[in-house]
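J.: First the structure, which I've put down as structure tokens, then a few questions once you've had a look.
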Amino acid sequence: MYLLCMLALMLAMSLLSSLIYLLLESCGVDVAQGVGLSLWQALSQLLVFLLPVVLTACIYYRGREGGFLGLDFSGRAWGRAVAGVVTLLLMVPAIDWLTAWNDGWQLGTLGEYMRKVQEKSEATMAVLLGGTSGADLALNLVAVALVPALCEEVFFRAGVQNLLRRWWGPRAGTHLAVVATAALFSLVHLEIYAFVPRFVHGLLLGYLYFYGGSLVVNVAAHFVNNAVIVLLYWLHANGLSAVDPVQPFAVPWLVTLCCTLAALTLFYTSFLMSRPRDGMKKGE
């Protein structure tokens, strides 16, 4: 029931978001590029992803909203957030390798259609991150890096994963919820040629949320991941970096392997050994 309520609210907010978009266009507001596009992307994320979860928590977990969402702002949570950020950054070479592999899939006619969808999405991202001024960088760090990190983590981890785990039970249901949420997280982006790396990214974030016990861990890790991409686009647009942010990094396999092992070791020592599940239990 809780999950259905949240999804119904998401659908309602999606319709409201579409109506606002049409209204802004009819009023002559340019939401297809520049500042207008950045602000529109942020607004739609807040409406479609953040608000449904907050409303569901307020309806069904009144007085316990913080525990349900995993709002632990203690010093220990911030320490885990640092470990989560480093873990995700160390996984970048492996995820880039998966990106290159996934991009080479041959999927026939359906694949051609999905390729066009992905190229359109990448073109929109290029427009979003095409600014070269300091103000453009600051705006994109908020609208493209911070707001999506907050909204997506609230929706997918504190919302979908949390509710699926309660639905399926705390034991096997935990891992099923993480896997199912990661798959949904990847599918929602409608980029089949980036499905696998985004799915793995979702798995990492899912386990960071469960074992980290705080939404702070996830938002911090997701934000830094997004911020690195925003910064790379800005540096490339200003001619300060030769690294093309669209292309995967050409990291040697040995370095990729070492980084992956370091990430898994850090995750094990920082999250699994201490088994910090207390933050999650408060909302149960």
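J.: Using only the Cα atoms of the range 106-181, build the gyration tensor, take square roots of its eigenvalues as a ≥ b ≥ c, and label the shape rounded, prolate or oblate: rounded if a/c is under 1.5, else prolate if a/b is larger than b/c, else oblate.
T.: On the way: a/c = 4.95, a/b = 1.40, b/c = 3.54.
It comes out oblate by the Cα gyration axes.
J.: Placing +1 at every Lys and Arg Cβ and -1 at every Asp and Glu Cβ, with all other atoms neutral, what dipole size does the range 97-162 have around its Cα centre, in debye to the nearest 20?
T.: Numbers: 4 positive and 7 negative charges, 21 e Å.
That gives a dipole near 100 debye.
J.: Quick one: which of 226-237, 202-213, 99-110 comes out on top by average Cβ neighbours within 10 Å, and what's the full order, highest first? It would help to have the intermediate numbers written out before the result.
T.: On the way: 226-237: 18.4, 202-213: 24.7, 99-110: 11.8.
Ranked by mean Cβ neighbours within 10 Å, highest first: 202-213, 226-237, 99-110.
J.: Still on this structure, please answer the following. Could you tell me whether the range 24-113 comes out rounded, prolate or oblate from its Cα gyration tensor? Rule is a ≥ b ≥ c as square roots of the eigenvalues, rounded for a/c under 1.5, then prolate if a/b exceeds b/c, otherwise oblate. Don't skip to the answer; put the middle values down first.
T.: Numbers: a/c = 1.97, a/b = 1.13, b/c = 1.74.
Oblate.
J.: So for the pair Lys120, Leu261, with labels modelled 7 Å out along Cα→Cβ, what separation do we get in nm?
T.: 4.5 nm
J.: Just to verify a number: FRET efficiency for Asp30 and Val142, C-beta to C-beta distance, R0 = 30 Å, to 0.05? Please report the intermediate quantities before stating the final value.
T.: Numbers: r = 19 Å, r/R0 = 0.65.
Rounded to the nearest 0.05, the efficiency is 0.95.
J.: For a quick check of your reading of the filter: which trypsin sites (Lys or Arg not before Pro) in the range 24-91 sit in a DSSP loop and have no more than 11 other Cβ atoms within 10 Å? Let's see the in-between values first.
T.: On the way: sites: Arg62, Arg64, Arg76, Arg80; in loops: Arg62, Arg64.
Here the trypsin sites (Lys or Arg not before Pro) that fit, given the DSSP loop and packing criteria, are Arg62.
J.: Restricting to DSSP H runs of at least four residues, report the calculated mean residue ellipticity at 222 nm for the chain, -39500 (n - 2.57) per run over all residues, nearest 500 deg cm²/dmol. Kindly include the intermediate steps, with their values, before the conclusion.
T.: Working: 15 runs with 198 residues, N = 284.
The helix-only estimate for the chain comes to -22000 deg cm²/dmol at 222 nm.
J.: Oh, and also: Give me the number: length gained by fully extending Ser74 to Tyr268, i.e. 0.36 nm times residue separation minus the C-alpha to C-alpha distance, one decimal in nm. Could the numbers behind the result be given before it?
T.: Working: separation 194, 0.36 × 194 = 69.84 nm, distance 2.09 nm.
Contour length minus Cα-Cα distance gives 67.8 nm.
J.: Specify, per residue and in Å³, the volume enclosed by the convex hull of the alpha carbon atoms belonging to the range 77-127. Kindly include the intermediate steps, with their values, before the conclusion.
T.: Numbers: hull volume 5.8 nm³, N = 51.
Hull volume over Cα atoms, normalised by residue count, gives 113 Å³.
J.: Continuing with this model, one more query. What ranking, highest mean first, results for peptides 167-174, 188-195, 140-147, 266-273 when packing means the other Cβ atoms within 10 Å averaged over each residue? Each step should come with its number before you reach the end.
T.: Values: 167-174: 13.1, 188-195: 17.1, 140-147: 20.0, 266-273: 15.6.
Ranking the peptides 167-174, 188-195, 140-147, 266-273 by packing returns 140-147, 188-195, 266-273, 167-174.
J.: Roughly how many Å is it from the Cα centre of the range 215-234 to that of the range 111-171, as a whole number?
T.: One Cα centre to the other: 10 Å.
J.: Okay, next question. Suppose every K and R has +1 on its Cβ and every D and E has -1 on its Cβ; what is the size of the dipole of the chain about the Cα centre, in Debye to the nearest 20? Can you show the working numbers first?
T.: Numbers: 16 positive and 16 negative charges, 248 e Å.
For the chain, the charge dipole is close to 1200 debye.
J.: How much length is gained if the chain between Ser14 and Leu240 is pulled fully straight, taking 0.36 nm per residue apart and subtracting their Cα-Cα distance, in nm to one decimal? Intermediate results must be reported in sequence, preceding the final value.
T.: Numbers: separation 226, 0.36 × 226 = 81.36 nm, distance 3.84 nm.
Result for the pair: 77.5 nm of gain on full extension.
J.: Given His189, Leu141, His201, which one lies farthest toward the positive end of the charge dipole of the chain, if we put +1 on the Cβ of every Lys and Arg and -1 on the Cβ of every Asp and Glu?
T.: Value: His201.
J.: Same structure, new question: Working from the pairwise distances between different alpha carbons, so that the mean of 1/r is found and then inverted, what is the range 145-239's Kirkwood radius in Å?
T.: Working: mean 1/r = 0.0728 Å⁻¹.
One over the average 1/r among Cα pairs gives 13.7 Å for the range 145-239.
J.: Using r as the Cβ-Cβ distance of Arg166 and Leu89, and R0 as 51 Å, what FRET efficiency do you calculate, to the nearest 0.05? Walk me through the intermediate numbers first.
T.: Numbers: r = 31 Å, r/R0 = 0.61.
So the FRET efficiency works out to roughly 0.95.
J.: Name the residue farthest towards the positive end of the dipole of the chain from the options Leu107, His175, Phe156, assuming +1 on Cβ of Lys and Arg, -1 on Cβ of Asp and Glu, about the Cα centre.
T.: His175
Read-outs: derived from the displayed coordinates by stated rules, not from any lab. Fair warning: this is a prediction, and the values are worked out from it, not measured in the lab. A quick note on method: Cβ atoms are made from the backbone with ideal geometry, for glycine too, and the neighbour counts reach across all protein chains shown.
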